[in-house]
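Single-structure report; data block below.
Read-outs: derived from the displayed coordinates by stated rules, not from any lab. Please read all numbers here as calculations on a predicted model, not as lab measurements. Cβ placement follows ideal geometry from the backbone for every residue including glycine, while neighbour counts extend to all protein chains displayed.
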Amino acid sequence: MLRLAVTQRIDSEDLLRDDDQAFRLVNAATETLNEGELRLFCAPLSLACAVPPAWLDAQEHIRCRAYRFADDRRRHLLAHGLKRWAIANVLNVSPRDVQFIVDRLGKPILPGDAVHFNLSHSAGWVALALYRQAAVGIDIEAGHDASRALASWPDITHPDESIPKNTGSFLTAWTLKEAISKCSGEGLMMDFRRLCLRRRCGQSPLYRATDGERHWHAGHEQLDSNTHLAYASARPWNIVKRRLVLSFDQVRECAV
């Protein structure tokens with residue numbers, strides 16, 4: 001996650017008013033994750049207080065208590081509560097019964113890769129991606145400082161890409177590349193300058209990317225004027241469904 005200064009309060013109600021006609025209410029507990037479906041969850045930080053502590057295991061609670069600041073503890077609680085709730089709905093088990101193991105890169109996974117998942121958080125949001133077919137990455141960047149000079153951003157541009165002209169174009173590229181790096185398991189160890197992005201013709205939010213040897217599919221959108229969201233996988237998807245989680249009983253969905 002890129003460390004960004006918060007310049008405005010992230011308000012999920014504003015997002016709802018902007019997109020209200022595009023959303024429909026869904027019951028997450030009764031739906032399966034279909035073949036070729038990439039599912040995204042976005043939850044405001046205020047939902048952290050609704051996460052039952054019993055959902056998290058002992059190690060998740062230990063890590064939560066280790067954070068010095070209350071907002072960091074709330075983000076941890078919401079991220080792991082959201083992760084367990086969403087995966088439990090897909091696997092038809094209780095959130096507290098979801099078991100994780102660690103892969104060779106130290107990344108938490110489900111035994112047998114029953115569902116691939118990835119988490120991100122920034123300012124007032126936590127985001128989660130679920131996909132059955134292959135590893136997935138997600139990145140959300142909110143509360144960015146739009147006045148920051150482009151010269152002060154890190155260099156992430158491939159030689160065959162256009163140099164970002166403003167904060168918005170930089171954050172588009174950053175979130176896409178970070179989502180890809182999280183999908184690969186490398187995270188910020190990946191040199192973003194070796195990763196070349198190309199927008200798919202006629203499909204404005206969709207991209208292809210390569211580092212010369214590997215290839216990824218990626219998508220980008222803005223939840224509001226201040227929040228960028230990107231997701232990526234090495235396997236293409238048939239549909240993306242974004243779900244705004246207002247409570248663990250109320251979910252709104254729109255196809256991206």
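Key figures for this structure:
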read-out	value
Normalised per residue, the volume of the convex hull around the Cα set of the stretch 72-134 (Å³)	96
Full-extension gain in nm, residue 239 to residue 155, via 0.36 nm per residue minus C-alpha separation	27.0 nm
Relative packing of peptides 210-217, 236-243 - highest average C-beta neighbours within 10 Å first	236-243, 210-217
Exposure proxy order (Cβ contacts within 10 Å, fewest to most) of 104, 84	104, 84
Space enclosed by the convex hull of the alpha-carbon atoms of the stretch 134-236, per residue, Å³	102
FRET efficiency for residue 102 and residue 71, using Cβ-Cβ distance with R0 set to 30 Å, rounded to 0.05	0.70
Size of electric dipole in the stretch 145-241: Cβ of Lys, Arg +1 and of Asp, Glu -1, about Cα centre, debye, nearest 20	320
